[in-house]
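Asks: Right, I'll just put the structure down here and ask away after.
The values are calculated or read from the model by the stated rules, or taken from the named source; none is laboratory data. Since the structure is predicted, the reported quantities are computational estimates derived from the model, not experimental observations. Cβ sites come from the backbone with ideal geometry, for glycine too, and all protein chains shown count toward neighbours. SASA here: full protein model, heavy atoms, side chains in, ligands and nucleic acids out. Shrake-Rupley method; radii C 1.70, N 1.55, O 1.52, S 1.80 Å.
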Amino acid sequence: MDGEHGGYELYSFIAEYYDTTYNRRNDIDVAFYVDYAKKANGRTLELACGTGRILIPTAKAGCAITGLDLSTYMLQKCREKLAQQPPDVQQRVKLTQGDMTNFFTGEKYALITMPFRPFQHLINTAQQKACLRCIYQHLETGGRLVYDVYNPNPARLVPNPQYMKETVDLPETTLPDGRKVSRANRLADFHREQQYNDVEIIYYVSHPDGKKERLVEAFPMRYFFRYEMEHLLELCGFKVIDFFGDFKKSAFAGDSPEMIFVAEKG
């Protein structure tokens, strides 16, 4: 990904506070992705692996996995966490820096995953097709691609003052070193003609010495619709074999929170 795809490679503070922020999700997607890795007959490649939130549990479950990410900050955090694991877990993991739209690892994989919506940081169809074609080239014959994107809420796709106001999504939390951090989010702008929103994630940090910071991560976030995604996958040589509305594998419905695609290399 380049600089417009979330800013993870630009700002160290995102990696610094990432786990504090997303541990609140109760890791609802971890077991889902670990299960697919356990059932894969070979190595897994996780794109946009970040700090290892899913990668490390996958390795702990006995699976060989490669993690790719563009951000040196996220990869460094992942390495620090991995170093705290037993040697056998560390030996199952390979980490590499790379762009998910243009990568080459020299290996083929039984499974490739993109957990927690990194595909939505690819704004235009050229980037999306480039990513899927790289994935296709790295999959074994019959290998699978599994990833999630959110099911768009129509109310959030048009200018709406309610969503343009900051909404706290992480109440103030105290870190081990005494810093206190809270997080809010807002939609900064809407681009219906290009099918993406401008998103801001705002971190408020209070240091023990009294220093206060307001740190902003701003990025565009593409949204997709079901059949658009199915057609895009077919165009790039994939066949959708499963489609879910949540990580419990529920059937997709209009109010499902997720669109989870399981696609096979044709």
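Asks: What about I201, is it within 24 Å of P161 (Cβ to Cβ), among the hydrophobic types (A, V, I, L, M, F, W, C), open to solvent by less than 70 Å² (accessible area, probe 1.4 Å) and not in a loop (DSSP other than H, G, I, E, B)?
Replies: Working: within 24 Å of P161 (Cβ to Cβ): yes; among the hydrophobic types (A, V, I, L, M, F, W, C): yes; open to solvent by less than 70 Å² (accessible area, probe 1.4 Å): yes; not in a loop (DSSP other than H, G, I, E, B): yes.
In short, yes.
Asks: Then there is this: Would you pick out the residues in region 72-119 that are within 21 Å of P220 (Cβ to Cβ) and assigned to a strand (DSSP E or B)?
Replies: If the condition is that a residue be within 21 Å of P220 (Cβ to Cβ) and assigned to a strand (DSSP E or B), then D99, N102, M114 are the ones that fit.
Asks: Exactly one of these conditions fails for A126: (1) of a type in the set (G, A, S); (2) within 30 Å of K180 (Cβ to Cβ); (3) surrounded by fewer than 22 Cβ atoms within 10 Å (Cβ to Cβ). Give me its number.
Replies: Failed condition: (2).
Asks: Assigned to a strand (DSSP E or B) and closer than 27 Å to T125 by Cα - does that describe any residue in region 47-56?
Replies: Restricting attention to region 47-56, the residues satisfying the condition of being assigned to a strand (DSSP E or B) are 47.
With the extra rule that they be closer than 27 Å to T125 by Cα, the set shrinks to 47.
Yes - at least one qualifying residue is present in region 47-56.
Asks: Right, Y227: open to solvent by 60 Å² or more (accessible area, probe 1.4 Å), over 18 Å from the mean Cα position of the chain (by Cα) and either over 26 Å from C131 (Cα atoms) or acidic (D, E) (or both) or not?
Replies: Working: open to solvent by 60 Å² or more (accessible area, probe 1.4 Å): yes; over 18 Å from the mean Cα position of the chain (by Cα): yes; either over 26 Å from C131 (Cα atoms) or acidic (D, E) (or both): no.
No; evaluated as a whole, the condition is false for this residue.
Asks: Next question, about the same structure. Tally up the residues in region 135-156 that are closer than 21 Å to F247 by Cβ, of a type outside the set (D, E, K, R), open to solvent by 10 Å² or more (accessible area, probe 1.4 Å) and assigned to a strand (DSSP E or B), please.
Replies: The total comes to 1.
Asks: May I ask you to list the residues in region 58-83 that are under 10 Å from T44 (Cβ atoms) and open to solvent by 10 Å² or more (accessible area, probe 1.4 Å)? Reasoning before the result, please.
Replies: At the first step, the residues of region 58-83 found to be under 10 Å from T44 (Cβ atoms) are 58-59, 63-67.
Result: C63, A64.
Asks: For residues that are hydrophobic (A, V, I, L, M, F, W, C) and part of a strand (DSSP E or B), scanning just region 162-174, find the one that is nearest to K265 (Cα to Cα). Reasoning before the result, please.
Replies: Pass one, region 162-174, residues hydrophobic (A, V, I, L, M, F, W, C): 164, 168, 170.
Now narrow it down to the ones that are part of a strand (DSSP E or B): 168, 170.
Working: V168: 41, L170: 39 Å.
Only one residue tops the list, namely L170.
Asks: Against the condition touching a residue at least 24 places away in the same chain (Cβ under 8 Å), outside any strand (DSSP E or B) and either open to solvent by 70 Å² or more (accessible area, probe 1.4 Å) or over 21 Å from Y22 (Cα atoms) (or both), how does P159 come out, does it pass?
Replies: yes
Asks: Could I ask something else about it? So which residues in region 237-266 are assigned to a loop (DSSP other than H, G, I, E, B) and among the small types (G, A, S), if there are any at all?
Replies: Our first condition is that a residue be assigned to a loop (DSSP other than H, G, I, E, B); within region 237-266, this holds for 237, 245-257, 266.
Those that are assigned to a loop (DSSP other than H, G, I, E, B) and among the small types (G, A, S): G237, G245, S250, A251, A253, G254, S256, G266.
Asks: Now a separate question. Of the conditions (1) touching a strand residue (DSSP E or B) at 6+ places or on another chain (Cβ under 6 Å); (2) modelled with pLDDT of 95 or more; (3) loosely packed, with under 15 Cβ neighbours inside 10 Å, D169 clears all except one; give me its number.
Replies: (2)
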